[in-house]
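Here's the structure we're looking at; comments come further down.
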Amino acid sequence: MEASRALKTSEDGKSNVRAVERALDILLCFTTDSDLPMTEIAERVGLHKSTVHRMLATLEDKGFLERDRSSERYRLGMRIWELSAHRSRSGDPAVICLPEMERLRDTLGETVSLYVRDGNERIRIQAVQSNQAIRRVAPVGVRLPLYVGASSKVLIAFAEPSLAQLMMAAESLPPSIDAQSFREQLEEIRRNGYATSMEEREPGAAAVSAPVFDRSGRLAAALSVSGPAARFTPDIIREQAALVIQSATRMGAMLPG
C-alpha cells in the first residue's frame, strides 16, 4: 500500500516516484530564476509549503540547493555544477561550436546564440555576448516560444519533413499565427537558407539565423545573430546572413553524425 502511494503513472504508462518527481520539479524552477523564496517555489510546483519546506531542506542537505540565511532565498548548490562537469562533452554542440561562435561575434560585433528544439519550445544552449555598449544580452538556458523568432523558424523549416508537419498541425500552432502564410514563410526560408526576424518576439530586437546540420545531414541546431533592430538594415542583414550560413556550415562539419 505504501509503495503504491509513492508511485504514480505518467502519460506514457511508466511509474514515477512521486517524491523524486517533486524534487526535480523544484530544481526545474531554477531554469528561469537564479534565486527564489520558498513561497514562490511552492506556488510554482503546486505543493503545500510544509511539503516544499521538507524537500528544500533535503536538497540543501545534499548540496543541490543553497539557502541565503539573511534573505531566506534558495539558489542552485555546488552539487549541480559537479554533475554538470562530468556530463559527456564529446558531441555537445554548445562546446564544439563555441570557438566559431566567438569568431562570428568578433566579425559582426553582435550577440551570437545557438538554439535547439525541445517540444514546442527552443532552448538557448550557448551564447557569446556582443562587446558593444548597446547590445542584446542572451542568457544561456532560457526557453523561448518555438513559433516566433528567426531561430524558431529555422528549427521548424529545416526539421525532418514528418516532424515539421507535426509542428505545423493546426492544434500545435498558436492562434495568432496564420497557417498558410507561415508555411509560405517557411518555404522561403528553405530557399534562402536562413531566416530573419524584426521585433517579432522582443521590441527593438532583430535577428538572423541559419541551420546547423551535423555530418549526417541531420538538423542539430539553429545559429543566430541578434542585436538592436536599428543596426539591422536590409543590406546588413544580407551580409550577415551570408556569414552566418558560412559559420553554420563550419560548425556542422565539426559535429558527429
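On a 0 to 90° scale, report how tilted helix 18-28 is relative to the longest principal axis of the chain, with both axes built from alpha carbons and the result rounded to the nearest 10. Taking the Cα atoms of the chain, the angle to 18-28 is about 50 degrees.
GLU199 to ALA230: extension gain in nm, 0.36 nm per residue of separation minus the Cα-Cα distance?
Contour length minus the Cα-Cα distance gives 10.1 nm.
Farthest toward the positive end of the dipole of the chain, out of ALA195, ALA150, THR111, is the Cα of THR111, where the dipole comes from beta carbon charges about the Cα centre.
Put ARG18, ARG103 in order of accessible area, highest first, and with a 1.4 Å probe you get ARG103, ARG18.
Using mean Cβ contacts within 10 Å as the protection proxy, how do 245-252, 51-58, 75-82 order, highest first?
245-252, 51-58, 75-82
Taking all protein chains together and rolling a 1.4 Å probe, TYR194 ends up with roughly 50 Å² accessible. Pairs of Cα atoms in the chain fall into 5 Å distance bins, from 0 up to the last occupied one, in shares of 1, 6, 11, 14, 14, 14, 13, 11, 9, 5, 2, 1, 0, 0 percent. In the chain, the DSSP-assigned H stretches of four residues or longer account for a calculated mean residue ellipticity at 222 nm of -12500 deg cm²/dmol, using -39500 (n - 2.57) per stretch and the full residue count as denominator.
Placing a label point 7 Å from the Cα of ARG75 along the Cα-to-Cβ direction, the residues of segment 30-67 with a backbone N closer than 16 Å are 30-38, 60, 63-67.
Sorting VAL244, VAL116 by solvent-accessible area of protein heavy atoms yields VAL116, VAL244, largest first, with a 1.4 Å probe.
Mind putting together the pair-distance distribution for segment 165-231? All Cα pairs, 10 Å bins, whole percent per bin, short to long. Taking every Cα pair in segment 165-231, the percentages come to 18, 39, 37, 5. For the pair VAL142 and THR31, the difference between a 0.36 nm per residue extended length and the Cα-Cα distance amounts to 39.2 nm.
Put a plus charge on the Cβ of each Lys and Arg, a minus charge on the Cβ of each Asp and Glu, and nothing anywhere else: the dipole of the chain about its Cα centre is then about 480 debye.
The values are calculated or read from the model by the stated rules, or taken from the named source; none is laboratory data. For clarity, every value in this text was computed on a predicted model and none was experimentally measured. Quick reminder, even Gly has a Cβ in these numbers, built from the backbone with ideal geometry, and neighbours come from all protein chains shown. Protein only, heavy atoms only, side chains kept; ligands, DNA and RNA dropped before computing areas. Shrake-Rupley method; radii C 1.70, N 1.55, O 1.52, S 1.80 Å.
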